[in-house]
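The values are calculated or read from the model by the stated rules, or taken from the named source; none is laboratory data. No experiment lies behind these values; they were computed from the predicted model shown. In this analysis, Cβ positions are derived from the backbone assuming ideal geometry, glycine residues included, and neighbour counts consider all displayed protein chains. SASA here: full protein model, heavy atoms, side chains in, ligands and nucleic acids out. Shrake-Rupley method; radii C 1.70, N 1.55, O 1.52, S 1.80 Å.
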Amino acid sequence: MTENEQALVQLLKAYDNGEIDFTKVPAIHAIIRQQVARQVAQAVNPAQIKAQASQQLQDDRTSYASQVNNILHD
């Protein structure tokens, strides 16, 4: 475990024990927001989402057309 990881574990243990009140540390909110935004940006790739949505739309259109053809020809 790195030194930073050890420090984080100690910090979280202190928080769990009620020794730290993060509501009195305004900078922590900014840090958390930045890290969450960074992780979301890494997890959500707009190009990938667009490609998946386009593929799903095409699949849905194909399925719909097939269903309509089956209804009309039965």
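Side notes on the structure shown:
- Taking all protein chains together and rolling a 1.4 Å probe, Leu11 ends up with roughly 70 Å² accessible.
- Apportionment of accessible area to carbon and sulfur, the chain, percent (1.4 Å): 56 percent
- Length released on extending from Ala51 to Glu5, taking residue separation times 0.36 nm less the Cα-Cα span: 12.8 nm
- For Gln67 and Lys24, the difference between the fully extended length at 0.36 nm per residue and the C-alpha to C-alpha distance is 9.4 nm.
- Each Lys and Arg Cβ is given +1 and each Asp and Glu Cβ -1; about its Cα centre, the chain then shows a dipole of about 280 debye.
- Selection among Ile71, Ile20, Val44 by position relative to the dipole of the chain gives Val44 as farthest towards the positive end (Cβ unit charges, Cα centre).
- Helix 46-73 vs. the chain, principal-axis angle (Cα, 0 to 90°, nearest 10): 30 degrees
- Degrees, to the nearest 10: 26-43 long Cα axis against longest axis of the chain: 30 degrees
- Angle in degrees between helix 3-16 and the longest Cα principal axis of the chain, rounded to the nearest 10: 90 degrees
- Remark: the stretch 3-59 carries 89 Å² of accessible area per residue (probe radius 1.4 Å; ligands, DNA and RNA excluded).
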